[in-house]
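Below: one structure, written as structure tokens.
The values are calculated or read from the model by the stated rules, or taken from the named source; none is laboratory data. For clarity, every value in this text was computed on a predicted model and none was experimentally measured. Don't worry about glycine lacking a Cβ; one is built from the backbone with ideal geometry, like all the others, and counts go over all protein chains shown.
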Ligand code: GLY
Ligand code: MN
């Protein structure tokens, strides 16, 4: 990855690149923890952190000199500036979408190089996955699918959303997830119309939809899936909304392949509801890239210009959300191939009545 970054730096006549986004730090240096920065240069590479992480960084980050910023300056920005000035750098890029006002002000005050704001340089590399990253995401999705299978027996009248969320996290970890499974949208009944509702003390009632949007990490690589089930017998309206949602997802998946545009995919996703009363209840962002972070490029939706590439890994998650009634989302995660996709989420999608 360093090689790719150095070639972009050469193209843009940069002799330094300050990386502050932790997922980009991980991608470039292989570091697996928190609170760290990189200064990549045409000469040498610095890994900057504090004493909590220096030993780990020395083990993990080959090709980087590990620096404790507290000994290199009075602040992180001063430490970065001192290192850049020590190498006599002339032109240093920084991640314009990930720097605090204080760090930017401190850096620009002390650094002798020109500061060049850039976005999406490493994110572009990250959006096209290597075989190893793809395999990690396959495993991550399979862990989440096994946790889904296990949680079904715990979803019962009288159990709270929070209890289900806690068990789902436990099942993911016990099935092999990294220690911090991401997110726990577990909502029920009318609350399922909340796109990103968080679990509450509400207890499951007979006839409730239960929507679970969850995922985990495997070697840092994330999964993200959603399934919506019914407790008891589904009503006719629940069946109708569920069937339409299933169709929306399938129609979108059917057009996903390398070269497909976000517009094509969005248009496919709304075909099933365009002439129905449910059209007004869909949400027009329908999927996102995923990897070391849960929401990455490419983003798909009505207003996105994104085009899919082979070896993107993305979610697809159209939904129908009816305020004060409820909602349904089904979310899969797919690997984009030349001619289509490989669905990494294999959990059933037909309506489950518990
Ligand atoms: N699965 C919900 C989201 O990606 O926002
Ligand atoms: Mn998602």
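A few remarks follow.
- Any hit, region 334-345, residues being crowded, with 17+ Cβ neighbours inside 10 Å, within 15 Å of ligand 1 (Cβ to nearest atom) and assigned to a loop (DSSP other than H, G, I, E, B): yes
- Within the set 299, 293, the sole residue that is in a strand (DSSP E or B) and surrounded by fewer than 22 Cβ atoms within 10 Å (Cβ to Cβ) turns out to be 299.
- Single residue of region 163-206 satisfying the filter (under 27 Å from residue 292 (Cβ atoms) and part of a strand (DSSP E or B)) that is nearest to ligand 1 (Cβ to nearest atom): 185
- Subset tally (residues that are part of a loop (DSSP other than H, G, I, E, B) and farther than 20 Å from residue 102 by Cα) for region 50-74: 7
- Tally of residues being touching a strand residue (DSSP E or B) at 6+ places or on another chain (Cβ under 9 Å) and either under 22 Å from residue 128 (Cβ atoms) or not in a loop (DSSP other than H, G, I, E, B) (or both) across region 264-273: 4
- Positions within region 179-213 being more than 19 Å from the chain's Cα centre (by Cα), more than 16 Å from residue 156 (Cα to Cα) and free of Cβ contacts under 8 Å to residues at least 40 places away in the same chain, in sequence order: none
- Residue check, residue 302 at negative phi, away from ligand 1 (no atom under 15 Å from the Cβ), touching a helix residue (DSSP H, G or I) at 6+ places or on another chain (Cβ under 6 Å) and at pLDDT 95 or above: yes
- Residue in region 314-333 that is farthest from ligand 2 (Cβ to nearest atom), counting only those that are surrounded by fewer than 22 Cβ atoms within 10 Å (Cβ to Cβ) and not in a strand (DSSP E or B): 324
- Test: residue 252 is in contact with a helix residue (DSSP H, G or I) (Cβ under 6 Å, 6 or more places away or on another chain), more than 30 Å from residue 22 (Cα to Cα) and within 14 Å of ligand 2 (Cβ to nearest atom): yes
- Tally, over region 207-246, of residues that are away from ligand 1 (no atom under 16 Å from the Cβ), part of a helix (DSSP H, G or I) and crowded, with 23+ Cβ neighbours inside 10 Å: 1
This table checks each residue for (1) crowded, with 20+ Cβ neighbours inside 10 Å; (2) at pLDDT below 95.
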position: 47; (1), (2): yes, no
position: 52; (1), (2): no, no
position: 56; (1), (2): no, no
position: 60; (1), (2): no, no
position: 68; (1), (2): no, no
position: 74; (1), (2): no, yes
position: 82; (1), (2): no, no
position: 87; (1), (2): no, no
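- Residue within region 61-80 that is closer than 19 Å to residue 27 by Cβ and out of contact with any strand residue (DSSP E or B) (no Cβ under 8 Å at 6 or more places or on another chain) present: yes
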